Amino acid sequence: MDFLDLLEPDMSRKILMCLDDISDIVRASAVSRCWQHLVIENGLSKQLCLRSFPPLSRVASIVEVNDSEANGHIEVACSSSRDSKSVLRDHKVYAYFAHAATSFLMRSCILEALIASSTDNEPEETINNTLEPRDVVARRALYWSSKGQFKPDVPETLIYRLVSNLCVVTEINIRPFQAFFQPGSPIYSAKAVRFRFGHLNRVMNPRSDLIGESHWGSGNDTFVWTYTSPEFPMAQENYLQKFILPEPVLCVGGILQIELLGRVQRQETDALFYICVSHVKVIGRPLSPSFDIEILEPSGEFLLKCNYQAKTTCNQLIMLENEPRTILPTYLERRVVELRQIVNMLRGNVVQGEYYAWGEEEDESDEDFVA
């Protein structure tokens, strides 16, 4: 006997919603036609997704994109009504989304550095240096430095673009910079950090993804922030510190802001407070090319695009690693700075404040390239 037949529909829904794994909901829908009807008609897979990833509540409609290699066209099916086909489509898409958000490979998610709220010396101390995991490259210390401040409570922000418009982020790693070349080797960490996720504000800046860094501004008008994390204390120690989010966060729009709150280290030469960061790393699951979005301004809602055939498998990732890679502009900028420094060193014009580690082997980081 099917026990659901003995219960009211509301009670059956409450029982199934006690499941916290979307795969269990999918299995439940395969028990019988009655259970399948209950799961699909009540949108239980969508409800579980919304419970795990609240930003999905801003989905205006769903678009299924099917790549057809045979005839070279893209077939699109939209879901915005509540007919039986759209209800079934929603069930499939949200079930697949939950699977992707929990099973796609974890990886580093930063594509490029966009803008820092301030920089002490350009281009030697640019935010692009934080993408390099090594402290020293070409015998030169790599780090970002803020401008000096008399007050220790002045914050700073670093903004990055992620590799996908949809990423499930679990943790952010930050390494404060230790100035080995200064007396006492001070560490210029922040007191605390906080993270925001969001997307470009197309209403205020319709071409903001095409203009240069000097036009980004402070980020108040350029970006729309949809998630803010709690504050995390930062240790004044020289290691890659891991800040694990309370729960996996769905970043809709692919923009991350790191807020560095408070200063702890004063520079001896000018008695000003600085914040310096050596390396930033974001760990999560990019959901592209299986999923993508299109922001609908000014409402902030978005289209959720799903492509089942674009699912990235382990074999596909290995194939991507073997394909020719394109050098990112940020990597070229760093190489120019390194070569300029080598020329200055050969001429005997060593810039004050540089730290040299002779004999260090140079290995190019994979983060300097994209497939």
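The values are calculated or read from the model by the stated rules, or taken from the named source; none is laboratory data. Because the structure is a prediction, the values reported are computed rather than measured. FYI the Cβ positions are ideal-geometry reconstructions off the backbone, even for glycines, and counts take in every protein chain you see.
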Exercise. Considering each of Gln182, Gln149 in turn, give the residue that is at pLDDT 95 or above and on the phi < 0 side of the Ramachandran plot.
Key: Gln149
Quiz item: So is Ser45 touching a helix residue (DSSP H, G or I) at 6+ places or on another chain (Cβ under 6 Å), more than 17 Å from Ala95 (Cα to Cα) and either assigned by TED's automatic domain parsing to the domain that holds Ala60 or in a helix (DSSP H, G or I) (or both) or not?
Solution: no
Self-check item: Tally, over segment 144-181, of residues that are closer than 27 Å to Arg285 by Cα and among the basic types (Lys, Arg)
Solution: 2
Quiz item: Which residue pairs have Cβ atoms closer than 6 Å, lie 6 or more positions apart in sequence or on different chains, and pair a first residue in segment 222-244 that is of a type in the set (Lys, Arg) with a second residue that is modelled with pLDDT of 95 or more?
Solution: Lys242/Glu171; Lys242/Asn173
Quiz item: Any idea which of (1) at pLDDT below 75; (2) among the acidic types (Asp, Glu); (3) in a helix (DSSP H, G or I) is the one Asp10 doesn't satisfy?
Solution: (1)
Self-check item: Lone qualifier among Leu260, Leu250 - being in a strand (DSSP E or B), modelled with pLDDT of 95 or more and under 23 Å from Pro133 (Cα atoms)
Solution: Leu260
Self-check item: In segment 136-150, the residues that are in a loop (DSSP other than H, G, I, E, B) and either buried (at least 20 other Cβ atoms within 10 Å of the Cβ) or not assigned by TED's automatic domain parsing to the domain that holds Thr119 (or both)
Solution: Leu142, Tyr143, Ser146
Quiz item: If Asp270 passes every condition in (1) at pLDDT below 95; (2) part of a strand (DSSP E or B); (3) over 24 Å from Leu162 (Cβ atoms) but one, which one does it miss?
Solution: (2)
Self-check item: Subset of segment 58-86 (residues that are modelled with pLDDT of 85 or more and part of a helix (DSSP H, G or I))
Solution: Arg58
Quiz item: Which one of these is of a type outside the set (Val, Ile, Thr), under 28 Å from the mean Cα position of the chain (by Cα), surrounded by 14 or more Cβ atoms within 10 Å (Cβ to Cβ) and at pLDDT 85 or above: Ser103, Ser108?
Solution: Ser108
